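Following: one structure in structure tokens, then a few remarks.
The values are calculated or read from the model by the stated rules, or taken from the named source; none is laboratory data. What you are looking at is a predicted structure, and each value in this text was computed from that prediction instead of being measured. Heads up, the Cβs are rebuilt from the backbone with ideal geometry, glycines too, and the neighbour counts pull from every protein chain shown. To get the accessible areas, we keep the full protein, side chains included, count just its heavy atoms, and leave off ligands, DNA and RNA. Shrake-Rupley method; radii C 1.70, N 1.55, O 1.52, S 1.80 Å.
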Amino acid sequence: MSLEILAVDDSRTMRDMIRLALLPAGFNVHTADDGVHGIEVLEGIEPDAIITDINMPRMDGFGFIDAVRGQDKHRATPILVLTTEAAPELKARARDAGATGWIVKPFDPTKLIKALQMVAG
Amino acid sequence: MSNTNDPMAEIRASFFIECEELLEALQDGLQALDDGDDDPETINIVFRAVHSIKGGAGAFGLEALVRFAHRFETVLDEVRAGRMSPDTEARKVFFQCADHLSDLVRISRDDGELPTEETAALLDSLNGLLGEAGIEEEADDAEEEEIDFQPAVLSLDLDLGGDDEEGSIPDLPPLDALPTAAPSGFTIRFKPDNDLFETGNEPFHMLRALDELGTCTVTCHLDDLPDLDALAAETSYLSWTIDIETDVEEAEIAAAFEFVDGLCTLDIKKKTADDVSSAPSQESPADEEPPVQEDEPVVKADAPAEPSPVPPTETPVADAPQESKAEPAPAAPMKAAPAPAKQAAPAAAKSVVRVDLDRIERLVNLVGELVINQAMLSQSLERSGLSPHSDAMNGLEEFQRLTRDIQDSVMMIRAQPVKSLFQRMSRIVREASAAVGKDVRLHTDGESTEVDKTVIERLADPLTHMIRNAVDHGLEDSEARIAAGKPEQGRVNLTAAHRSGRVVIEVSDDGGGINRPKVLQIAIDKGLVSPDATLSDTEIDNLLFLPGFSTASVVSDLSGRGVGMDVVRTSIQALGGRISITSTPGEGTTFSISLPLTLAVLDGMVVQVAEETLVLPLNVVIETLTLTNQDVEMVRPGAHVVRVRSGFVPLFDLGKELGYRDPVEDYDGSVVLLIAHEDGSRAALIIDSIQDQRQVVIKGLDDSFYRAPGIAAATILGDGQIALILDTSDIITNAIGSSGACAPQVTTGLTA
Amino acid sequence: MSDKETPTAIELLTFQLADQEYSLDIMSVREIRGWTKTTPLPHAPSYMKGVINLRGTVLPVMDLSERLGLKPQKQTDRNVIIVVNHGDVMTGLLVDAVSDIIALTDDDLQPPPEMQANSSPNVVSALTLIDERMIRVLDLSSIVTSVQSNAA
């Protein structure tokens, strides 16, 4: 069973890291460079889970989550937020925006996979 | 890390490339801030750049980089949040930090020695900006970061939040714990709130996560479930009780519910001995994880290398089959089954391909061969006497056009904006002005001008030197500036522009201009010029390019490095470029570098001299003339000028200058090329005939072997023969040097 | 040169220069090609014959006789250019004619006797006898790398 994941991050390194962490575990990974791009990519796919960064140009992570939740078919798509801070306010804000969970960068590939499995099966 | 097949090494390499881009964005943003840009997005860009560097650095365990970036980011966040205003002092610190960040990036990349003192000093500056609160916060952060930087170690630590690191370490069962020890476990009561589903969380997955931690017995409570017609779509009615038989710590159990903390009613109780004995303890056959009790921590650490087992849906969680029917959340468990993914068509945002430079080089070379081949084919078809209107000749014309288009496109691949180069220079200005205690501001223009990548790389050193010179020698100190009625802050301009098929880069200052009497005196003292010489201003200015010339009477830290303008000139010439100076006393000095757009092709004029075919850069040829004897005047034996309209232009015989033949004696009917250089110098060159104008592929001459004066490079003609590409500037300066036509005083040096 | 245990096998390409036999280690020889017209380089030392097109690269060619201080080559169709590679720099050496490839061991080589420094010191690194003919083994590096100083 391969889960389809959309990873949105403006850092190429992060996108590469996510891909590197998930591909060997059999995930099917799509990437986007920022929130706006993420919404565009989302049109063509039906991801089982979404991973998004917060600080991004054009549309940040909060805006992106908002936009995703605004789409009927993605009201319950699990969304994990990538954050460098483990700050409780950030988690609260992400959750208010509709995020399912969070991963603290730099992430451990295992944790990422665990977290994805926890939210998306 | 040298293993290219190691994906981590590849990502690491790509991270450093990305860092360069981020550092560029950082510089841009800071520059915009410094220029008074108060668009909130500007500080956001600056913040993001630092933030992304930190994020990536964390992934590679580059601790020094993360630590510094974090502090920097914290301060920038204050600015972003409007709690701090980026005043002059702050902006100065930001620039220093950006420079230092860029150092740290490079040092981290090359595993170099960390400049700990400098880092510490800048951290202090940053803390200074933050004030007291910041320092306290730092202590916390340091601790937290410390823990967060454990990226490469793949542990099966299930803690997801990073909040309970302390708790997660004792998870490892004590070594003396007997595997047969009475299993312990927890009883968990879990009731989701309605909000839980709005965040896309799914109780089913949590239950399954628990199942991986031990043996679970799940009871689903349907008590609250209303009649079907009373079901509200998004209301949570179910709750669960889970009995888990495991010896993991409570923190790990809690971790499974981390994301829903606050979105549910959760009660985790450690089972007492009685509970354990009464708990059902059958092993779940579907449980792919070995019983935790037998699990050595070492084994766990290896686990992530393989895909984590994804249990089939029929795990003990299926004990609550009602869930799939009653579960009101839109995400039905079946969702987890692989809904055949639509072929993804990711929107093509600015899509960028990174290509190994070697591949481009290869392509450039191949296209070069193609151009030569096409020229050969043209030549042989022409010789075969085909009608110019024949299909073959028409087709050839098209072929020629396509070849040229391909060539242009290939060259475009190598072209890059000079921006990155200019940014490096802005740093040089900051450092140089600080070193000599002058207040200097760099103004740049034309940063988006594109130039061949190799040219950009090879310009860095000469430009650095010129910028340092401008700051050190070009600009006066503040007292002198004020005395001269100029603003105290000195100005250095760095501009790039495309001008008639070449790139012109100028470095200018608004300083005192070249001190010509002093320059001349130094040249005389050094024996470069005879004491009784009379030199024009331009000639004096050009003395700066003599090898070993340095105007600084006191060798300063900055410029006194034994590298003179002669080296700058040699490097520029090696790129097929020219450099010239103009200077106005009291107003400043401008160095102008003119470069070919690419190092690979040249628009050339193909001429014949003494049976040899030669190529001149087309852009230096301004006119062709056929002489009569009346046009030529002798200044003195061996030195002639040709009258062009009302002016006199020195006349040189190319055949003689190249040593190919004796000088022409009868000028009547001689073909002459009128040459002009960027520095305004002109000359007329006698040739035998003009053959063609065409683009030629530049082939380097290996001059470790023998460097021929006056020759810039070579090319291969349509007939396979090699033609030399002339460096007309070099030829003329050599000719002047040997004939003494114009500047008899200067016998060496200008040929540098 | 008298390592009795394992004499190293070497192969030499022998050729003629002004009726004398010279040779080069075959390992440094890339190819041998017929004489083609060179494009002369301005003001070059007379042994620099110029440059030729070797499949798209510009190859400098020198007259080896002249380089060694022998009388200049008379150009005939038998002349050939030996393309050698030294430290990644390719050079063409114009010789009268290529003779043979000989295999020997370094036992067969003897150092040239100490002589007074002459116009071309050290270019001959060893001597050997084949069929009673003396063959001079050239030291390529001294031929192709010290051009600059001679040219100056």
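Between region B:571-600 and region B:632-698, how far is it from one alpha carbon centroid to the other, in angstrom?
24
Return the long-range amide H neighbours of B:HIS640 (sequence gap of 5 or more, or a different chain), with a cut-off of under 5 Å between placed amide H atoms.
Those qualifying (amide H under 5 Å, at least 5 residues apart or on another chain) are B:VAL635, B:LEU651.
Under 1.5 on a/c is rounded, so check that first for region A:4-120, then, if it is not, pick prolate when a/b is larger than b/c and oblate when it is not; a ≥ b ≥ c are the square roots of the alpha carbon gyration tensor eigenvalues.
Working: a/c = 1.27, a/b = 1.08, b/c = 1.18.
Because its axes are fairly even, with a/c under 1.5, region A:4-120 counts as rounded.
From the phi of every residue in region B:115-131, what ³J(HN,Hα) in whole Hz does the Karplus formula 6.51 cos²θ - 1.76 cosθ + 1.60 yield, where θ is phi - 60° and glycine or proline is x?
Listing the rounded values in order: x, 4, 5, 4, 4, 4, 4, 6, 4, 4, 4, 5, 4, x, 5, 6, x Hz.
Run the accessible area of region B:601-739 with a 1.4 Å probe and give the carbon-and-sulfur part as a rounded percent. Provide the component values of the computation, followed by the final result.
Working: 2570 of 5630 Å².
That fraction is 46 percent.
Report the accessible area of B:VAL410, computed with a 1.4 Å probe over the heavy atoms of all protein chains in place, in Å² rounded to the nearest 10.
Spelled out: B:VAL410, probe radius 1.4 Å, area about 10 Å².
For the pairs A:LYS105/B:LYS54; A:LYS105/B:LYS92; B:LYS419/B:LYS486; B:LYS656/C:LYS71; B:LYS191/B:LYS269, flag any whose C-alpha to C-alpha distance is greater than 18 Å. List each step's numbers first, then the result.
Details: A:LYS105/B:LYS54 10 Å; A:LYS105/B:LYS92 30 Å; B:LYS419/B:LYS486 29 Å; B:LYS656/C:LYS71 26 Å; B:LYS191/B:LYS269 15 Å.
Among A:LYS105/B:LYS54; A:LYS105/B:LYS92; B:LYS419/B:LYS486; B:LYS656/C:LYS71; B:LYS191/B:LYS269, the Cα-Cα distance tops 18 Å for A:LYS105/B:LYS92; B:LYS419/B:LYS486; B:LYS656/C:LYS71.
Per residue in region A:5-20, which ones lose no less than 10 Å² of accessible surface when going from chain alone to all protein chains (1.4 Å probe)?
A:ASP10, A:SER11, A:ARG12, A:THR13, A:MET14, A:ASP16, A:MET17, A:LEU20
Amide H to amide H, which residues 5 or more places from A:LEU3 or on other chains are under 5 Å from it, using H placed in the peptide plane?
Residues meeting the amide H criterion: A:ASN28.
Based on the Cβ-Cβ distance from B:SER390 to B:ARG645, what FRET efficiency comes out when R0 is 51 Å, to the nearest 0.05? List each step's numbers first, then the result.
Details: r = 44 Å, r/R0 = 0.86.
That gives a FRET efficiency of 0.70.
Quote the accessible area belonging to C:SER99 in square angstrom, nearest 10, computed with a 1.4 Å probe and with ligands, DNA and RNA left uncounted.
60
Using the Karplus equation 6.51 cos²θ - 1.76 cosθ + 1.60 (θ = phi - 60°), what ³J(HN,Hα) coupling, rounded to whole Hz, does each residue of region B:22-36 give in order, writing x for Gly and Pro?
5, 5, 5, 4, 4, 4, 4, x, 5, 4, 4, 4, 5, 7, x
Quick one: length gained pulling C:ILE32 to C:LYS74 fully straight, 0.36 nm per residue minus the C-alpha distance? Could the numbers behind the result be given before it?
Working: separation 42, 0.36 × 42 = 15.12 nm, distance 1.85 nm.
Taking C:ILE32 through C:LYS74 to full extension adds about 13.3 nm, to one decimal.
Starting from the amide H of B:THR613, placed 1.01 Å from N in the peptide plane, find each other amide H under 5 Å away whose residue is 5 or more places distant or on another chain.
none
If you take the accessible area of A alone plus B alone and subtract the pair, what total do you get in square angstrom, rounded to 100, with a 1.4 Å probe? Don't jump to the answer; show the numbers that get you there.
Values: alone 6210 and 39500 Å², together 40290 Å².
Buried area (both sides, nearest 100 Å²): 5400 Å².
Mind giving me the nanometre distance, one decimal, between the label points for B:SER536 and B:THR584, set 7 Å out from Cα along Cα→Cβ?
1.9
Looking at A:PRO88, A:ILE39, A:GLY70, which one has the Cα that reaches farthest to the positive end of the dipole of chain A (charges on Cβ: Lys, Arg +1; Asp, Glu -1)?
So the residue furthest toward the plus end is A:PRO88.
In what order, largest first, do B:HIS221, B:HIS70, C:HIS43 sit by accessible area if the probe radius is 1.4 Å?
Working: B:HIS221 40, B:HIS70 20, C:HIS43 105 Å².
Largest accessible area first, the residues go C:HIS43, B:HIS221, B:HIS70.
How do B:LYS518, A:LYS114 rank by accessible surface area computed with a 1.4 Å probe, from largest to smallest? Walk me through the intermediate numbers first.
On the way: B:LYS518 85, A:LYS114 35 Å².
Ranked list, largest accessible area first: B:LYS518, A:LYS114.
Just the number please: accessible area per residue for chain A, 1.4 Å probe, all protein chains included, in Å². Show your work: numbers first, answer last.
Working: 3450 Å² over 121 residues.
About 28 Å² of surface per residue is accessible.
What list of ³J(HN,Hα) values in whole Hz, one per residue of region B:93-103 in order, does the Karplus curve 6.51 cos²θ - 1.76 cosθ + 1.60 (θ = phi - 60°) give from phi, with Gly and Pro shown as x?
After applying 6.51 cos²θ - 1.76 cosθ + 1.60, I find 4, 4, 4, 4, 5, 5, 4, 5, 4, 5, 4 Hz.
With every protein chain left in place and a probe of 1.4 Å, what is the accessible surface of C:THR36, to the nearest 10 Å²?
My reading of the accessible area for C:THR36 is about 50 Å².
Just to make sure I understand: if all protein chains stay in place, what is the order of B:ARG48, B:ARG481 by accessible area at 1.4 Å, largest first? Intermediate values should be presented prior to the final figure.
Working: B:ARG48 25, B:ARG481 0 Å².
Highest to lowest solvent-accessible surface, that is B:ARG48, B:ARG481.
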